[in-house]
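Below you'll find the structure, written out as structure tokens, and then a few comments.
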Amino acid sequence: YTPWMNDKIKNSNGYTKLHYEVLSFYELIKPTEKENNARFKTVEIIKNAIHEKFPAWKVKAFGSFPVDLHLPDSDIDLV
């Protein structure tokens, strides 16, 4: 049983089928808005804590999170 399969995927062939299956799978596993909001809040808390101690420092997120390609259990990369 594959919960991301749908008629569009089943009725496609070759690379088109793979394309639709990847898109559908991502839609199934991508983080929810609530999960994303928790991540943004976490980043802000960390940034604020760093800026309290070191006001001139810049804190930047990098990796999968800022480009919205992360999974629900991915880490948050900060520099």
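Observations on the structure shown:
- Accessible-area composition of the chain, carbon plus sulfur, in percent [1.4 Å probe]: 59 percent
- The distance linking segment 65-79 with segment 1-36 is 20 Å (Cα centroid to Cα centroid, whole angstrom).
- Within a straight-line Cα-Cα reach of under 13 Å, LYS60 can be paired with the following aspartates and glutamates, leaving aside sequence neighbours fewer than 8 residues apart in one chain: GLU44, ASP77.
- (1) 5.2; (2) 6.6; (3) 4.5, with the label sought being that of the calculated mean projected area of the Cα convex hull in nm²: (2)
- Segment ASP7-ALA49, length gained on full extension (0.36 nm per residue, minus Cα span): 10.2 nm
- Restraint check, LYS30/LYS58; LYS10/LYS30; LYS30/LYS53, Cα-Cα greater than 26 Å: LYS30/LYS58; LYS30/LYS53
- Ordering of 10-18, 69-77 by packing [mean C-beta count within 10 Å, highest first]: 69-77, 10-18
The values are calculated or read from the model by the stated rules, or taken from the named source; none is laboratory data. All values derive from a computational prediction rather than experimental measurement. Cβ coordinates were reconstructed from backbone atoms using ideal geometry, including for glycine residues, and neighbour counts include every protein chain displayed. To get the accessible areas, we keep the full protein, side chains included, count just its heavy atoms, and leave off ligands, DNA and RNA. Shrake-Rupley method; radii C 1.70, N 1.55, O 1.52, S 1.80 Å.
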